[in-house]
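Comments concern the structure below.
The values are calculated or read from the model by the stated rules, or taken from the named source; none is laboratory data. Keep in mind that this is a model prediction, so the values were computed, not measured. Cβ placement follows ideal geometry from the backbone for every residue including glycine, while neighbour counts extend to all protein chains displayed.
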Amino acid sequence: FALSALAVAAAGAGASAWGALSVVAASALFGFLPHNFPEARLFMGDGGSQLIGFIIAALAALAASGAAPVSPLFAPTVFMPFLFDVAFTLAHRLGRRRNIATAHNEHLYQLLIRLGASHARVTALYLGLVAVSTVAAIFASALPAPLAFAAPAGLFLAFLVPALLLFRKASAAGLFSAPAPNAARRADLLPKAAE
């Protein structure tokens with residue numbers, strides 16, 4: 001969805017080459033949709049998701065640097081639900097002195113699922129958040145540069161209160177004291193001490 005928005009913005013700004021590449025990338029990702037909605041069955045893994053993140057960032061940077069550039073704030077504003085999730089989760093883990101490089105299940109979408117929301121409902125929520133962020137990005141693109149910062153900053157602040165409430169609920173449910181994912185499996189792989 002967000003890549004499609006970038007394609008439309010790039011084409012509208014006259015960056016048709018970057019718009020076309022965004023359409024190609026979005027089309028490739030849409031191929032995964034039938035296999036992953038409402039429940040995930042086909043995973044790209046960390047390597048696939050990191051490559052997609054790089055492609056999106058590169059396309060956004062290239063579209064922002066053309067003769068008729070897309071606003072450099074467009075992509076960060078569209079992706080604000082995900083950028084916020086990462087920033088908030090990392091800040092929370094750092095605040096609790098947790099290793100941010102170890103596996104965990106404390107992202108906002110993971111907490112929603114662990115608290116009982118269905119995968120389909122969480123996916124629909126994030127799709128809605130990206131849609132709202134896309135509208136904000138389009139609106140901000142028409143504003144002068146200093147005012148354009150209001151869109152991503154406003155979204156960040158708008159996401160803050162629900163995230164704090166979610167983390168409070170997750171903490172009350174004991175979700176932050178649970179072992180990291182795969183911890184039990186790693187313990188099973190360790191050699192047993194001789195008795």
Does Thr102 satisfy the criteria of being surrounded by fewer than 14 Cβ atoms within 10 Å (Cβ to Cβ) and either more than 17 Å from Pro152 (Cβ to Cβ) or assigned by TED's automatic domain parsing to the domain that holds Ala2 (or both)? yes
Looking at Ala101, Ala91, Ala40, which is the one that is at pLDDT 85 or above, farther than 30 Å from Ala142 by Cα and part of a loop (DSSP other than H, G, I, E, B)? Ala101
State yes or no: is Ala148 at pLDDT below 95, within 23 Å of Leu6 (Cα to Cα), outside the structural domain of Pro38 (by TED's automatic domain parsing) and touching a Leu at 6+ places or on another chain (Cβ under 7 Å)? yes
Those residues of region 18-49 which are of a type in the set (A, V, I, L, M) and touching a residue at least 12 places away in the same chain (Cβ under 8 Å) amount to Ala20, Leu21, Val23, Ala25, Ala26, Leu29, Ala40, Met44
Just to check your reading of the model, which residue among Phe82, Phe88 is aromatic (Phe, Trp, Tyr), under 28 Å from Gly154 (Cα atoms), in the same structural domain as Leu166 (by TED's automatic domain parsing) and in contact with a helix residue (DSSP H, G or I) (Cβ under 7 Å, 6 or more places away or on another chain)? Phe88
